[in-house]
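This report refers to the structure that appears directly beneath it.
What follows draws every value from the coordinates through simple rules; no lab data is involved. Values in this document were obtained by computation on a predicted structure and should not be read as measured data. In this analysis, Cβ positions are derived from the backbone assuming ideal geometry, glycine residues included, and neighbour counts consider all displayed protein chains.
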Amino acid sequence: MARSFNQVVLMGNLTRDPELRQTPNGQSVTSFSLALNRSYKGSDGQWQEATDYIDVVAWGPLGERVAQYLSKGRPCLVNGRLQSRSWEQDGQKRSKVEVVAQDVTFLGGAGEGGGNSGSSYGGESSAPAASAPAKKKDDIVIEDIGDEPINLDDIPF
């Protein structure tokens, strides 16, 4: 039998705060939803804007980190796979396709995109780079920039 390939990469903003729950056997699971904005040319030749909403589930320690550090409005990059599930509710059969996250990258700094400006990015210290001492090794100056995220606007290309 031929193998299949199921991989999804999404970048968007959280539509609500992540919801952390525990399964009956104690496993952590976090659910959240991403808003994905896209542009397309309509039949009239004008650019149109549309937003797609995708449900995401993150299990175990990954889900715990998502619930701890992300909040409504924050941007993130999700790598995962599509999974369908079905259940019965009030006598009607229901089904849903969602993304099961295998990796979540937190984008933007603390306080960006509706995040909590009092928390540090990714749980690490965000001390200013100017306060970090420069180290010298074999006439090469190595500057310790700390754990501060890189500002993409500073990259010249």
- Going by how many other Cβ atoms sit within 10 Å of their own, how do 33, 43 line up, fewest first? 43, 33
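Given the convex hull over the Cα atoms of the range 1-81, what projected area results after averaging over all orientations, in nm²?
Mean projected area of the Cα convex hull: 8.3 nm².
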- Message: Using Cβ contacts closer than 10 Å as the measure, can you line up 81, 94 from fewest to most?
- Response: 94, 81
- Task: Estimate the FRET efficiency between residue 86 and residue 49 by the formula 1/(1 + (r/R0)^6), using the beta-carbon distance for r and 41 Å for R0, to the nearest 0.05.
- Result: 0.80
- With a sphere of radius 10 Å drawn around the Cβ of residue 15, what net charge do the other residues whose Cβ falls strictly inside it have (Lys, Arg +1; Asp, Glu -1)? 0
- Task: Could you sort 5-11, 66-72 so that the peptide with the highest average Cβ count within 10 Å comes first and the rest follow in order?
- Result: 66-72, 5-11
